[in-house]
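Right, one structure below, let's go through it.
Readers should treat all values here as calculations from the given coordinates under stated rules, not as data from a laboratory. All values derive from a computational prediction rather than experimental measurement. Note that we place each Cβ from the backbone using ideal geometry, even for glycine, and neighbour counts take in every protein chain shown.
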Protein chains: 2
Amino acid sequence: MIRIYLAGPDVFLPDAEEQGERKKALCQKYGYEGVFPLDSDLDPDAYPDPRRFGMAIYHGNLRLISSCKLVIANLTPFRGPSADVGTVFEMALALGRGMRIMGYSNDPRPFAERSREFVTKCGLKNQTTFEDFGLRDNLMIDGALDTAGWPMVVPKAPVQDLGRDLTAFEECLRIVRPL
Amino acid sequence: MIRIYLAGPDVFLPDAEEQGERKKALCQKYGYEGVFPLDSDLDPDAYPDPRRFGMAIYHGNLRLISSCKLVIANLTPFRGPSADVGTVFEMALALGRGMRIMGYSNDPRPFAERSREFVTKCGLKNQTTFEDFGLRDNLMIDGALDTAGWPMVVPKAPVQDLGRDLTAFEECLRIVRPL
C-alpha cells in the first residue's frame, strides 16, 4: 500500500493523536496508508534531556518520510501569516529527495492580504516589504506545489475549525488518486 | 571559487539589494562567492501577470541554489516566532539534494519562550501546544543544522538591527572556512 506522510501542525493540537487517526482513516478510505509524524512513538524518558529528545524526533521524522512515497502537507497558517516551518521543512526536504508533494490550507485568503492583516493585528512596526504575487503563501511554497502538479488545495466554502477541518485534506486524497 | 547561496528574509528589506551586496562582500573576504536570491535579476514586465512572475522567481531561486555548494540561511524570526518559510524551504530543499547547510539567527532566545511571548503579544487565542526542547526554532530546523555539523549560530551579544546585523552571518563564514 502506498504510504503518505501527513506533515502538518496537527501534531501541536491537544488532540494530536486523534487528529492523526482521523487523517489515517481518510487515507485508508482512498486506499493509502497514512503515516503521522507521531508514529515514531518515542519515549521522552529514554533521553537524557529535552534537547536529545527533540533530536530523536527529528531523526524519527526523517525515517518516516523516507518510508513514504508522497507528502501531503497541512499548510494552514500557524502562529503567523505563513505555514508552520516544520511542515515546510519536511515538504521541501521530500521534494529535494525527489519525492512527490501536495499541500492544502484551510485558510484560502491570499498571502499578501493575510500578511498585512497580521502585521496590523499584532501591532508590529513593519519595515519589510510584502510579497504580492496573488499566491497563497511564500512563493517558494506555491512554486513547489504548482510545479509538482497540484496547486495548493483550499476548501471551497469557509470552514469552522481551521486547525482540524479535513475537507481540503480529503480533496488532496481525491486528486492524487491515480498515483 | 565556492559559491554560497544566501537564503533569508533579507530580500524583504527595503534595501534588499544593498544587504545582498554587504553579504557578498563578507563572502569575498573569506574567499567565497555569495549568491543572493535576487541575482536572477528578473524583469517583472517580462511576465503576463504577478503569479507567473512569482513562479519565475521560484525557478530562478532553484537554479541559483543548484549552482551553489552550501546554503547559509538567515533564520532570524520573520513575522512570527519562527524563521521565514521561504528560507526554511530553500534550506530543506538543499539538504534533501545532498548540499551542505548552515544557519544563523539574530534572535538568540529559546523557541518556546519566543512562541509564548508572541501568542501573548498578538492576543492569539492559543489552542495548540508549545514545542519546548530547549532549541532555537522548530526541531526540524535545529535538528537539520545540528546533524549537518553546525548548530544554529547566534550573536554573542544582543544586536541592534535584527533584520540587517551580520555578526552571526560572518561567524558562519568563519566556522565554515575549512569547507
Selection within the stretch B:152-174 - among the aliphatic types (A, V, I, L, M), in a helix (DSSP H, G or I) and exposed (fewer than 14 other Cβ atoms within 10 Å of the Cβ): none
Residues within the stretch A:63-91 that are of a type in the set (A, V, I, L, M), within 17 Å of B:Glu131 (Cβ to Cβ), in contact (Cβ under 8 Å) with a residue 12 or more places away in the chain and in a helix (DSSP H, G or I), tallied: 1
Go through (1) buried (at least 17 other Cβ atoms within 10 Å of the Cβ); (2) under 21 Å from A:Asp142 (Cα atoms); (3) within 12 Å of chain A (Cβ to nearest Cβ) one by one and return the number of the condition B:Phe36 breaks. (3)
Quick check on A:Gly31: is it closer than 26 Å to A:Val154 by Cα and in contact with a helix residue (DSSP H, G or I) (Cβ under 7 Å, 6 or more places away or on another chain)? no
I'd like the residue in the stretch A:1-17 that is within 14 Å of chain B (Cβ to nearest Cβ) and among the charged types (D, E, K, R) and, out of all such residues, is nearest to A:Thr76 (Cα to Cα). A:Asp10
Filtered residues of the stretch A:55-65 (kept if in contact with a strand residue (DSSP E or B) (Cβ under 9 Å, 6 or more places away or on another chain) and more than 9 Å from every other protein chain (Cβ to nearest Cβ)): A:Leu64, A:Ile65
Output the number of residues of the stretch A:1-17 satisfying the condition of being surrounded by fewer than 18 Cβ atoms within 10 Å (Cβ to Cβ) and not aliphatic (A, V, I, L, M). 4
Of the numbered conditions (1) within 19 Å of B:Ala92 (Cβ to Cβ); (2) free of Cβ contacts under 8 Å to residues at least 60 places away in the same chain; (3) not in a loop (DSSP other than H, G, I, E, B), A:Ala94 fails exactly one; give the number of that condition. (2)
Do we have A:Arg136 as in a loop (DSSP other than H, G, I, E, B), on the phi > 0 side of the Ramachandran plot and touching a Leu at 6+ places or on another chain (Cβ under 9 Å) here? no
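Results for (1) closer than 12 Å to B:Phe169 by Cα; (2) in a helix (DSSP H, G or I); (3) out of contact with any Gly (no Cβ under 9 Å at 6 or more places or on another chain), shown as yes or no for each residue.
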| residue | (1), (2), (3) |
| --- | --- |
| B:Glu17 | no, yes, yes |
| B:Cys27 | yes, yes, no |
| B:Gly31 | no, no, yes |
| B:Leu42 | no, no, no |
Could you identify the single residue in B:Gly149, B:Gly123, B:Gly143 that is farther than 25 Å from B:Tyr32 by Cα and surrounded by fewer than 19 Cβ atoms within 10 Å (Cβ to Cβ)? B:Gly123
B:Asp132 under 19 Å from the mean Cα position of the chain (by Cα), acidic (Asp, Glu), within 8 Å of chain A (Cβ to nearest Cβ) and closer than 20 Å to B:Val88 by Cβ: no
What are the residues in the stretch B:85-124 that are within 7 Å of chain A (Cβ to nearest Cβ) and charged (D, E, K, R), if any? B:Glu90, B:Arg97, B:Lys121
Within the stretch B:143-160, identify whether any single residue is free of Cβ contacts under 8 Å to residues at least 12 places away in the same chain, closer than 30 Å to A:Leu62 by Cβ and among the charged types (D, E, K, R), and answer yes or no. yes
Can you go through B:Asp107, B:Asp43 and tell me which one is surrounded by 18 or more Cβ atoms within 10 Å (Cβ to Cβ), of a type in the set (Asp, Glu) and out of contact with any Asp or Glu (no Cβ under 7 Å at 6 or more places or on another chain)? B:Asp107
Quick check, is B:Glu33 of a type in the set (Asp, Glu) and out of contact with any strand residue (DSSP E or B) (no Cβ under 8 Å at 6 or more places or on another chain)? no
Sort out which residues of the stretch A:138-155 are in contact with a Phe, Trp or Tyr (Cβ under 9 Å, 6 or more places away or on another chain) and over 17 Å from A:Leu93 (Cβ atoms), and write them in order of number. A:Leu139, A:Asp142, A:Asp146, A:Met152, A:Val153, A:Val154, A:Pro155
